[in-house]
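To start, the structure itself, in structure tokens.
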Amino acid sequence: QIRAKARMCANQEVVCHEDFCLHARDYGAKLAQRGVLPALLSGPPHLDPDRTFAVAHAAEVCPFEVSLELAREASAVVCDYNYVFDPAIALFGLADEGALEDTLLVVDEAHNLVDRAREYFSPRLARSAVRQARRIVEGHRQKVCRDLDELLGSLDELIEREASGALGAREGSRRIELDPRPLAEVRLALDALVAPYFTFKRNAEIWLARDPVVDVLLSLARVTDLLQDGGRELVPLAERSGGGEPDERLRVYCLDAARFTGATIARSAGCVAMSATLEPFEFYRDLLGFDPDRTDTVSLPSPFPPENRLIVAVDEVDTTFRARARWYGRIAELVAELAPPGRNGLVLFPSYAFLQEVASRLFVPDHTVEVQRGDDSDRLRREILARLRGGGKPVLLL
């Protein structure tokens, strides 16, 4: 099971450099000498992220990198969509031809992949990000810093020129004709400065959890690649936002990511896409890029008897985003009233903020209230599930 790097990091900040991170220093040697992989592979067949973290942390090697090493040995890997479908961060070169030919993909909640994939192929290049990158190098006398500052300055001017030409003084977004060649020239020049820049950072002992210069380079690469692709589903936009921090951006907006997700699916040995909301099948089949001639569908009935289902609509409260704050107290009262006596209950919310507001007002003396948090570990989730299965005081899970 692959957990996000930020949640697997053994430090307060994710700075992956051996001069900053003890767990990155001499990683390969320590991994072999301290028997980390054999210790984990000889244990339970499910390579749990919490156990991986504990063993790797004790051996002073990077827990996230260890989880990637283990994934190469695993028969099944559980991970986020982006490790397979986002070419910028796909695992083990999974974006390469032939990498998935022996792999069966199982995509859970597949309806969510439609919007996620569009976002993968809708990169932005923002002036605010470019200015932040310039602040890293400005004031330094080294040639690489002067060269970077000049290139980033020209990129800043290019974004401003395109946005002003399309929008004038207005806010919003507008479709533009964007020539990829000037961006490609800046990208090529920036690429040539990457190695000298990392040498400068090391000598200056600049350690950053996220490097704004690298972020700009990656965004520029993704925007340029998609502009050069030239697909009809890829729309170049100029954007300007106002408010407290006005910004201007160039963006490639992906209207339909089916060509890209479909290419990944076609390279795999097979793909099973599941969801409770995948109908009409033809609609999602086409949006996800499945080949109509090679795709079968099946709809299964709910395993729960319909006569056991009770639907209660409460129209005295307003849960819309703008109005819900006025109703937190009453919603908490309704949750308490509807909590099943002597049995476990589950209360679902559209956001963690909404959940926390109601939870802080909730009083249910006959239940143990468990509140899910966005950063809950797998171990905490298992503990909650164990309490739900136990025979003690009933649990109300929010």
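The numbers here are math on the coordinates, done by the rules we state, and not lab data. Computed from a prediction, not measured in an experiment: that's the story for all the values here. Virtual Cβ from ideal backbone geometry, glycine too; neighbours counted across all protein chains shown.
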Pseudo-spin-label distance residue 57 to residue 269, built 7 Å along Cα→Cβ, given in nm, is 3.5 nm
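Cut-off is 10 Å between beta-carbons; in what order do 23, 57 appear when sorted fewest neighbours first? Please report the intermediate quantities before stating the final value.
Details: 23 22, 57 15.
By the 10 Å Cβ count, ascending, the order reads 57, 23.
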Gain in length, residue 368 to residue 103, computed as 0.36 nm per residue apart minus the alpha-carbon separation, to one decimal in nm? 91.1 nm
Tell me the mean residue ellipticity at 222 nm calculated for the chain from its helices only (DSSP H runs of n ≥ 4, each -39500 (n - 2.57), averaged over every residue, nearest 500). -13500 deg cm²/dmol
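Hey, fewest Cβ within 10 Å first, where do 17, 46, 367 land in order? Write out the running numbers ahead of the final one.
On the way: 17 14, 46 10, 367 20.
Taking fewest neighbouring Cβ atoms as first place, the list is 46, 17, 367.
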List residues of segment 222-266, by number, whose backbone nitrogen lies under 13 Å from a label position 7 Å along Cα→C-beta of residue 154. none
At a threshold of 8 angstrom on Cα-Cα distance, excluding pairs fewer than six apart, so keeping six or more, what relative contact order does the chain reach in percent? 16 percent
Under a straight-distance cross-link criterion of Cα-Cα below 18 Å, which lysines are reachable from residue 143, leaving out those fewer than 8 residues away in the same chain? 201
Can you give me the distance in nm between label points at residue 112 and residue 388, each placed 7 Å from the Cα along the Cα-to-Cβ direction? 1.5 nm
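Inverting the mean 1/r over all pairs of different Cα atoms, compute the Kirkwood radius of the chain and quote it in Å. Working shown, then result.
Details: mean 1/r = 0.0395 Å⁻¹.
The answer is 25.3 Å.
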Can you spot the aspartates and glutamates whose alpha carbon is less than 16 Å from residue 393's alpha carbon? Ignore those fewer than 8 places along the same chain. 366, 370, 383
Residues whose built amide H sits under 5 Å from the amide H of residue 368, excluding neighbours closer than 5 in sequence, are 395, 396
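Return the Rg/Rh ratio of segment 306-397 with Cα-based radii and a Kirkwood Rh. Write out the running numbers ahead of the final one.
Values: Rg = 14.1 Å, Rh = 14.5 Å.
Computed over Cα atoms, the ratio is 0.98.
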Here segment 195-212 yields Karplus 3J(HN,Hα) values (6.51, -1.76, 1.60; θ = phi - 60°; whole Hz; Gly and Pro given as x) of 4, x, 5, 5, 5, 4, 4, 5, 5, 8, 6, 9, 10, 10, 4, 10, 8, x
All lysines inside 21 Å of residue 5 as judged from Cα atoms, apart from same-chain residues fewer than 8 positions distant: 30
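Going by how many other beta carbons lie within 10 Å of each one, how would you line up 8, 274, fewest first?
Values: 8 22, 274 12.
Placing the least packed residue first, the sequence is 274, 8.
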Using Cα centres only, tell me the gap between segment 279-293 and segment 321-398 in whole Å. 37 Å
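Using 0.36 nm times the number of residues separating residue 209 and residue 41, minus their current alpha carbon distance, what extension gain do you get?
On the way: separation 168, 0.36 × 168 = 60.48 nm, distance 3.07 nm.
Extra length from residue 209 to residue 41 when fully extended: 57.4 nm.
DSSP loop GluC sites (Glu not before Pro) in segment 1-106 with at most 10 other Cβ atoms within 10 Å of their Cβ, which ones?
Details: sites: 13, 18, 60, 65, 69, 73, 97, 101; in loops: 13, 18, 60, 97, 101.
Taking segment 1-106 and a limit of 10 other Cβ atoms within 10 Å, the loop GluC sites (Glu not before Pro) found are 97, 101.
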Quick calc, segment 202-332, dipole around Cα centre from Cβ unit charges on Lys, Arg (+) and Asp, Glu (-), nearest 20 debye, gives 300 debye
